[in-house]
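Reviewing the structure listed below.
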Ligand SMILES: [Zn+2]
């Protein structure tokens, strides 16, 4: 019966979203193939990379990679997670680090996996990935650029971002540029309903970002604390969860033990409802021969789930972490 209802309901939702993508904030996501109903997300990896180029904002150019070569390299890894039931991947490669929406669209079509790309700028690594105009423009002007990507698509492709991705440097006090990026993200969120994912690290820095957003009346539940695994004091996870912040434990492609420890803490302290998990894995690197070594998107399925299931994690917990939380975190809302 419930399956039957879903078959009836999904096409109706889809049609209504297609007709009114800009005024129906609660029911859809922007994938690289266009707006899709939120319930189509299914099993979701919220932080992965298909392509990253670390050359820097002053030298980046699409001439540095061949799209077909990237597809040949990346597609088998997508087919692998497809077998694990993954339906949606959020690609977190920002502008000036080789964000390539047409590449993502081709990979999505070939793999059958929905992919979301992002808008925003990456301030970490002392601004190596920021174009010069970020120094002089105001937060409002930067936000205008990101809102234009949401409204008109990215660089003439017509492909719209599914979330905001920024990054800031770890600091006792956020730099003026980093503060400006957070403000621009807040303005963009207010105008578009897109969720803000910020590459951060520790709570010391995340809490400063949240303070700026609070002053702008942006809810903490619109903020994803990216790389929260770098936080040494687990009590800060409870603080963040209490505020409604999304805690992103997202380096599982590279290690397992720190995540086992943190997820057990989260379950024991009943904050799994605020946790997002992913691998931060991948990617084709144009600076390396053949794109370099590729870190697969499979540790969650092959290592983490067996270990934690043995320690008491249930199907309901996995459904929450990999299906329900991503949906709730990345749904459009203002
Ligand atoms: Zn990443």
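A short reminder: the numbers here are calculations on the coordinates, not readings from a lab. The structure displayed is predicted, hence computed values, not measured ones. No Cβ is skipped: glycine too gets one built from the backbone with ideal geometry, and neighbour counts run over all protein chains shown.
Using only DSSP helix segments of four residues or longer, with each worth -39500 (n - 2.57), what per-residue ellipticity at 222 nm results for the chain after dividing by its residue count and rounding to 500? List each step's numbers first, then the result.
Numbers: 12 runs with 132 residues, N = 334.
So the helix-based figure for the chain works out to -12000 deg cm²/dmol.
So for the pair residue 84, residue 132, with labels modelled 7 Å out along Cα→Cβ, what separation do we get in nm?
Each label point is offset 7 Å from its Cα along the Cβ direction, giving 4.4 nm.
Would you please put 287-297, 241-251 in order of how densely packed they are, using the mean number of other Cβ atoms within 10 angstrom per residue and starting with the highest?
Descending mean neighbour count gives 241-251, 287-297.
Pick out which of 220, 37, 232 has the largest mean-square fluctuation in a Gaussian network model of the chain, springs linking Cα atoms closer than 10 Å.
Maximum fluctuation in the GNM of the chain, among the listed residues, is at 232.
Determine the shape class of the chain: with a ≥ b ≥ c the square roots of the Cα gyration tensor eigenvalues, call it rounded for a/c under 1.5, and otherwise prolate if a/b is greater than b/c, oblate otherwise. Numbers along the way, then the final one.
Numbers: a/c = 1.17, a/b = 1.08, b/c = 1.09.
Rounded shape, in that the Cα axes give a/c under 1.5.
Can you classify segment 173-291 as rounded, prolate or oblate using the Cα gyration tensor, where a ≥ b ≥ c are the square roots of its eigenvalues, rounded means a/c under 1.5, and otherwise it's prolate if a/b beats b/c and oblate if not?
Oblate.
Roughly what % antiparallel, to the nearest 5, for the DSSP beta bridges in the chain?
Counting DSSP beta bridges with both partners in the chain, the antiparallel share is about 15 percent.
Counting other beta carbons within 10 Å of each residue's own, what order do 189, 199 fall into, fewest first?
Details: 189 26, 199 23.
Placing the least packed residue first, the sequence is 199, 189.
Which shape class, rounded, prolate or oblate, goes with segment 68-135 when its Cα gyration tensor gives a ≥ b ≥ c as root eigenvalues, a/c under 1.5 marks rounded, and past that a/b bigger than b/c marks prolate?
Cα axes put segment 68-135 in the prolate bin.
Pairwise over distinct Cα atoms, reciprocal of the mean inverse distance: report the Kirkwood radius of segment 221-276 in Å, one decimal place.
11.1 Å
Kindly state, to the nearest 0.05, the FRET efficiency for residue 211 paired with residue 63, given R0 = 41 Å and r defined as their beta-carbon distance.
On the way: r = 41 Å, r/R0 = 1.01.
So, using R0 = 41 Å, E works out to roughly 0.50.
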